[in-house]
Structures are given as C-alpha cells and as structure tokens.
Amino acid sequence: MKAAIRHLRRNRGRTILTLLAVLIPVYFLVSMFGLTNSIVSDMFETATRIDTGHFQIRHIERRGMGAAIPLMHDSKSVLAALDKIDGIEWRTVRLDMPALASAGDRSQAVYVQGVIPEEIAPISSIRDLVVKGTYLKNGQNGAVIGEELAALLNVGVGDQIVLLGAHPETGLGALKVPVVGIYRAPISAMGRTVIHTTLTTARRLARSPNAATAVVVRVSGVTGPWDVGKIEAVTAQLKGLLPDDVEVLDWRKLAPQVSGYMAILRPVMIIFAAIFFGLGALVVLNTLYLSVMERTRELGLIIALGASRWRVMGMILTEAGLITVIGAVCGALIGVALAWIVEALGGIPLPGAELADYMKVVGMKPVLHMMISWPQVVISAAAMVGVAVLAAWFPAYRASKLEPVEAMRYVE
Amino acid sequence: MSNSKALIQTIDLHKTYKTEAVETPALNGVSIELHVGEFTAVAGPSGSGKSTLLHLLGGLDRPTSGEIFLEGVALSGLSKDQLARLRMTNIGFVFQAYNLIPVLTVLENTAFVLELQGVVRAERIKRARKILAELGIEQYADQYPSRISGGEQQRVAVARAVVAEPSIVLADEPTANLDTATSHELIDLMRRLNEEKGATFLFATHDSRLLDRVSRLITIVDGLITEDEKKHDPSAE
Ligand SMILES: Nc1ncnc2c1ncn2[C@@H]1O[C@H](COP(=O)(O)OP(=O)(O)OP(=O)(O)O)[C@@H](O)[C@H]1O
Ligand SMILES: [Mg+2]
C-alpha cells in the first residue's frame, strides 16, 4: 500500500492522467443523470399534477367506450377507503368526458374535466396557468379553456360556448357555459382539448348527479418516477378496502408517454455510460501498461526475490484500485457540487423561444435543472472503479507473467 | 567438509538460449557440488556462462537438460510457483545493479524478503535493522536507494540477501559497477558474513583481483568448468 502510493507519487503525470480517465466519465455521468432526472421529473410532474395524479381509482371498464371513461356513482366509499390509509398527500373526485365545444360556427372536439376547484387548489394545476380571467370558483357555472382552444373557437373571457357531451352511458347532454378563464398549457395538445368546469357542471353535462370518472390521488414524498415504490406501497394498502367494481390505475398506465420516455432514456444512458467507461478503461489500461513496462526491471527483481504471481498482480491492482477510487470519488463530488451550484443559481435557462416551444410539446420546462440521486452517483462511481480495475487486470497479469531473468536484463 | 552432504548438486547442466534462428549454447555440461559454508567464486571471461549458471542454481531459469538438486530437492520437479517460493525461502540474490526497489527505503528494501515470507512487521523491522547495523550501514536505513552511492547500494543488497538466512547467497558480479577499493570492501563484507555466520556464498566475477579471499575458485570457459580449486579455508580451522 505504502509502495503503491509512492509509485503513484513518483509518476505524477501518469497518475493524473489515470485519475482524469476515471474522474471525467464519472463526472459526466453524474451530470447527465442529474439533467435527465430533472427532465423526467418535469415530465412526470406535468403529467401527474395537471392530469393523472400518481394513481386513480376508476370504475372497472367492462366494455369499450372509446375516449370515454366509465362512470362511477359511489365515489364516497372510495374516498372513505382512502381516508383509512397512510401516505396520501391529496385526492379529489373528477368527472372527465369527451365533448364537442362550439361557438358560433366553429367547433372542436374537447375533453371536459369536471373538478372541485377548492380541492385542486393546493396542488396548483391549471389554476396557476390561467393568463386571462380567473380560475373556477366552487359551484360556478363556467369553463376554463386553453389559449389554443380560445383561438380555434375565436372566443374570449365572458363569451359563451356550447358543450355537447356524449357519454355512452348517459347519452347526449348540452350546456351553455361562459368562458371564465384562459390558461397557457404546458403541452400544446392539452391547450387545444382540455377544458375545466366544476364537477357540478360536468355532472349536468353527463346528466347524472352523482357521477364521477375517477378519484385522483397524489402520494406524499413522490418526486419522480423513481419513487414508484412509494406509490405502490400506498396502493397495496388499498387492497380489500375498495368496492368490488373499481380498480386502481397508476401513472404508468395513465401517462404512458412518461414511462415511454423513461424506457427510451434507460438504454441511451447505458450506451453513454458504456462509451465513457470504455474510454476511461482504455486509458487506465494504457497508462498502467506503460507503467508496468517502465518498471519491468523492478518487477523482475521482485519476482526474482520470490514474490508470487498473486503478489505481483496484487501490487498493480492495488495501485489501480487506489487511483481509480480517488478519481471516481472526485468525479462524483465535482458532479454533485456542480449540480448544487446550478440549483443554487436557479437552474440554467435555455435560450431560444423555438426550443422552449418544442419542449412545451413534451411537457418540459425551458430551464435545465440537475437532480442528483445518490444511488445513481454511488453506482456510477462504483461501476467506473469496477471497470477500471477490470482493465487493470491485463497489465497486472502481464506483470505477473514476467520472466525474472529477462525482465532484469530489460533496458528502458 | 568434502564429505559433508552437498547443499547444491548439479548433474550435466546444459543451457542453450534460442532466439528466432540463433541458438546460443551457454552451458555445455556443468556438474558441480557446493557445500554449506563455502565461499566460492565463479570466474571466467565475459560470455562464458557465469550468469547463466547462477540463474539456474537460483531457480530463476530452467536448464535445457541436466538436473539441479538443492538440499536434495530436484528443481526440475518444481512448478513455477514452487520455484518462486524456493527463491523466497532458500536463496539470497545480489545482482550486478538495480538490486533495490526504488520506492522503498533501505530498511524497507532489506525487510522486503521477510515481508514476502509473511514475517510480522515489528519482527522484520527488527531483523532488518540488526543486519544493517552489522554491515555498518544503519545510518542509511531511512534513505531511498537513489540517495546513496553504488557501493552502499550493493551493501544493502548484501544485507537484503542474508537477512532471511537463506541456504545460499548467489551474487552475480556484485562488484562490476564499483571501483577497486569498494569492490574489495564488498567482498570482505561477504567474507565476514561467511566466516562469522557461516553463510554460504557463490559469486560470479571476471575480476581476478577479487579472488584472493575465496575458499574455492571455479573457472568456467565457454560453458564448461575448466578448473575447480579448493583454496586454504580459514573458517575450516
Ligand atoms: N537471455 C539470453 N538470450 C540469448 N542469449 C543469451 C541470454 N543470456 C545469455 N545469453 C548468451 O549466453 C552466453 C552466456 O551468457 P552469460 O550471461 O551466462 O555469460 P557471463 O559469463 O555471465 O558473461 P558476463 O561476464 O558478460 O556477464 C553468452 O553468449 C550470452 O550472449
Ligand atoms: Mg554475467
């Protein structure tokens, strides 16, 4: 060990090169994980806050109903079941149904979400996105629509629109509602289709006074898809407490675009990691190999004096292990420190309105954040150390196979 | 002494180096016996096979044919790992140069063989210090090899070679890089260890001025022993 440290000190240049070969990949990975975590988290938050929640409880669907969700008439007993379990941050009852919105001679297929305004306030969904007019108040007859829809129907705050609801279970229902607010959607498709009304208004449209389509639930302490365990822990508690005719659907079913994005991200990250690790390992292999060559005489002497093959390999691997652990830890710390700095400065704003628009389509914010996940940091660093030590195996093996007589004749 | 059991016995040793197309015969049938307590020099011109012989005796290389017995054990029957163990426990080496590990201090170099043998730290430090003191070089204990002279380095090499009390010390031209006075001092040092501790030495040299203190002189020319002369042996009296 002492000898390993002295060897590393003796050849500073090479030691630093090896250090960097390990440090840079770990640093890059930590940063990349930080960025992608933040992006995934954004998408996840957009989807689960505004639309799906972490999970929903719905009536079991027995027949195909197209875009419509089956109606549930006993949301009270579902809420009672939720009251009995732990870990729930928030829940509300919602009635979602497809409808046709028209104003004058213009119409557009929309999706009406009937909500309880005071209940959705704490998690600030569309309420915070309203740019004209106001959000709904309890019991108010009105609609909050997206900017895109307002443009399509050519209406503004105060104008009337006609909603034609057609739930397959209850048939046609028509309502005239005033536009009370216009919101700016994080996803443009949403701005074109999603309309908020109060639950009461939606129930009138569905012509069914107790109907709901879902109880939407958010779980405490969930920051992203990685917290899926917390969500599962809560849904597991619900077993046996719910009425027989309802089912639990989690965000993976409700927001397949987020889990789909994650499914793409994983192999991409693995490929990146493999490339970084591969390059790092090559440098480690190369520098260590040079170092073995340079020390041929010394290694020959050690072998001549009777050191076993394992001992010689152990010496080289100890050196490699030492330097790679230091490099990996430094890389990880730099990555984490950088993330802290970025967060302390409030994120990196992305320039360019076009990019911001594009990102809006997929539900990302135009500000880059870095979210550090310690398990990822530890795994990245440990994996790099593992790969580097594996790469060190070859030079170490070569060293152990030196013939003492030839090695001692070796002239640099 | 001649009727004591041989420490090392070789039978018809041949060694031919093969490199690509060229075959270099280095030893052409060497049969010798070395005994405990002997202080033997192998002399001969450059390229005569002295180093080759020492390498074979020390288990650093294998003969093309013939057999070596060390304390009755046939080296041809030992695996590579067993040979390494044998070198560690039974042989002390002093080479012409580059004897010391540059990143270890004189004391650590001296104790290195003991470390390989698994001797505990306190014990090996004690033994290494003791031998350095006996050889009058304890003042260099904490120096790195590059900070001391060539003659001092070779003394440390001798200390390292004898510290674990091996069966035999093999020294291949230990004085080749030293001036005459220092060379004599080194040979005297080895001789003293031989006389005082009964350590067995075999050293190769082509410097005839160093031969006046040996108890036995083997001359080798073109891979064959041409002379094997027992000299007056003061330690036998
Ligand atoms: N590894 C090797 N490969 C090829 N030939 C070798 C090798 N080692 C020694 N030889 C040859 O074998 C012969 C004997 O060499 P050796 O080194 O044993 O002689 P030596 O008596 O020690 O000479 P010197 O006094 O120069 O050290 C020489 O011709 C040498 O060139
Ligand atoms: Mg020689």
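General remarks:
- First in the range A:393-412 and more than 20 Å from A:L317 (Cα to Cα), second anywhere and modelled with pLDDT under 85 and open to solvent by 100 Å² or more (accessible area, probe 1.4 Å), Cβ under 7 Å, 6 or more apart: A:M408/B:Y98
- Members of the range A:169-207 found to be of a type in the set (S, T, N, Q) and open to solvent by 10 Å² or more (accessible area, probe 1.4 Å), listed by number: A:T170, A:S188, A:T193, A:T200
- Subset of the range B:93-120 (residues that are open to solvent by 50 Å² or more (accessible area, probe 1.4 Å) and either within 16 Å of ligand 2 (Cβ to nearest atom) or out of contact with any helix residue (DSSP H, G or I) (no Cβ under 8 Å at 6 or more places or on another chain) (or both)): B:Q96, B:Y98, B:G118, B:V120
- Taking the range B:14-37 as the range and being away from ligand 2 (no atom under 16 Å from the Cβ), more than 26 Å from B:D212 (Cα to Cα) and in contact with a strand residue (DSSP E or B) (Cβ under 6 Å, 6 or more places away or on another chain) as the test, the residues that pass are B:H14, B:T16, B:E23, B:N28, B:G29.
- Selected residue (criterion: nearest to the other protein chains (Cβ to nearest Cβ)) from residues of the range B:69-92 that are under 15 Å from B:A6 (Cα atoms), surrounded by fewer than 16 Cβ atoms within 10 Å (Cβ to Cβ) and of a type outside the set (D, E, K, R): B:V73
- Output for the range B:38-54, where each listed residue is more than 9 Å from ligand 2 (Cβ to nearest atom) and within 16 Å of B:V169 (Cβ to Cβ): B:E38, B:F39, B:T40, B:A41, B:V42, B:L53
- Test: residue in the range A:357-376 that is in contact with a His (Cβ under 8 Å, 6 or more places away or on another chain) and either modelled with pLDDT of 90 or more or surrounded by fewer than 22 Cβ atoms within 10 Å (Cβ to Cβ) (or both): no
- Each residue in the range A:282-321 was checked for being among the small types (G, A, S) and at the interface with chain B (Cβ under 7 Å from one of its Cβ atoms), and 4 pass.
Rundown of residues vs (1) within 29 Å of B:E33 (Cα to Cα); (2) within 16 Å of ligand 1 (Cβ to nearest atom), yes/no style:
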| position | (1), (2) |
| --- | --- |
| B:R129 | no, no |
| B:Q139 | no, no |
| B:R147 | no, no |
| B:D172 | yes, yes |
| B:A181 | no, no |
| B:L193 | yes, no |
| B:T200 | yes, no |
| B:H206 | yes, yes |
| B:S215 | yes, no |
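- Verdict on B:A128 being aliphatic (A, V, I, L, M), open to solvent by less than 10 Å² (accessible area, probe 1.4 Å), more than 11 Å from chain A (Cβ to nearest Cβ) and part of a helix (DSSP H, G or I): yes
- Selection of first residues in the range B:29-56 that are within 14 Å of chain A (Cβ to nearest Cβ) and of second residues that are among the charged types (D, E, K, R) and within 9 Å of ligand 2 (Cβ to nearest atom), restricted to Cβ pairs under 9 Å at least 6 apart or on distinct chains, gives the following pairs, ordered by first then second residue: B:K50/B:D172; B:K50/B:E173; B:S51/B:D172; B:S51/B:E173; B:L54/B:D172; B:H55/B:D172.
- Residue satisfying all of: in the range B:133-157; of a type in the set (G, A, S) and away from chain A (no Cβ under 13 Å); nearest to ligand 2 (Cβ to nearest atom) among these: B:G150
- Just so you know, in the range A:323-333 the residues that are in contact (Cβ under 8 Å) with a residue 60 or more places away in the chain and open to solvent by 40 Å² or more (accessible area, probe 1.4 Å) include one that is farthest from A:P375 (Cα to Cα), and it is A:I326.
- Of the helices (runs of 4 or more DSSP H) lying entirely inside the range A:37-154, those containing at least 3 residues that are touching a helix residue (DSSP H, G or I) at 6+ places or on another chain (Cβ under 8 Å) are A:147-153.
- Meets criteria (in contact with a helix residue (DSSP H, G or I) (Cβ under 6 Å, 6 or more places away or on another chain) and more than 11 Å from every other protein chain (Cβ to nearest Cβ)) for B:T64: no
- Residue list for the range B:212-223, restricted to those being more than 16 Å from ligand 2 (Cβ to nearest atom) and in contact (Cβ under 8 Å) with a residue 12 or more places away in the chain: B:R213, B:V214, B:S215, B:R216, B:L217
- Exclusive hit being in contact with a His (Cβ under 6 Å, 6 or more places away or on another chain) and either more than 16 Å from ligand 1 (Cβ to nearest atom) or free of Cβ contacts under 8 Å to residues at least 24 places away in the same chain (or both), set B:V120, B:V103: B:V103
- Subset of the range A:15-36 [surrounded by fewer than 23 Cβ atoms within 10 Å (Cβ to Cβ) and more than 14 Å from chain B (Cβ to nearest Cβ)]: A:I16, A:L17, A:L19, A:L20, A:I24, A:F28, A:S31, A:M32, A:L35, A:T36
- Residue within the range A:237-253 that is in contact (Cβ under 8 Å) with a residue 40 or more places away in the chain, closer than 16 Å to A:M72 by Cα and assigned by TED's automatic domain parsing to the domain that holds A:E169 present: no
- Selection count where residues are among the aliphatic types (A, V, I, L, M), touching a residue at least 40 places away in the same chain (Cβ under 8 Å) and open to solvent by 80 Å² or more (accessible area, probe 1.4 Å), scope the range A:261-299: 3
- B:Q96 within 16 Å of ligand 1 (Cβ to nearest atom), out of contact with any Gly (no Cβ under 9 Å at 6 or more places or on another chain) and in a loop (DSSP other than H, G, I, E, B): yes
- A:T213 satisfies every condition listed in (1) under 13 Å from A:I126 (Cα atoms); (2) buried (at least 22 other Cβ atoms within 10 Å of the Cβ) except (1).
- Sole residue being assigned to a helix (DSSP H, G or I), at pLDDT 85 or above and under 30 Å from A:L17 (Cβ atoms), chosen from A:V234, A:V292: A:V292
- Options A:L29, A:L79: the member that is out of contact with any Leu (no Cβ under 9 Å at 6 or more places or on another chain) and outside the structural domain of A:R207 (by TED's automatic domain parsing): A:L29
- Strands (runs of 3 or more DSSP E) wholly inside the range B:3-89 that include at least 1 residues being away from ligand 1 (no atom under 15 Å from the Cβ): B:8-19, B:39-43, B:65-70
- Candidate set from the range B:158-187 (those that are within 16 Å of ligand 2 (Cβ to nearest atom), open to solvent by less than 10 Å² (accessible area, probe 1.4 Å) and in contact with a Phe, Trp or Tyr (Cβ under 8 Å, 6 or more places away or on another chain)); member that is nearest to B:N90 (Cα to Cα): B:L170
The values are calculated or read from the model by the stated rules, or taken from the named source; none is laboratory data. Bear in mind the structure is a predicted one, so any value in this text is a computation, not a measurement. As a convention, Cβ positions derive from the backbone with ideal geometry for all residues, glycine included, and neighbour counts pool all protein chains shown. Surface accessibility is based on the protein's heavy atoms, side chains included, excluding ligands, DNA and RNA. Shrake-Rupley method; radii C 1.70, N 1.55, O 1.52, S 1.80 Å.
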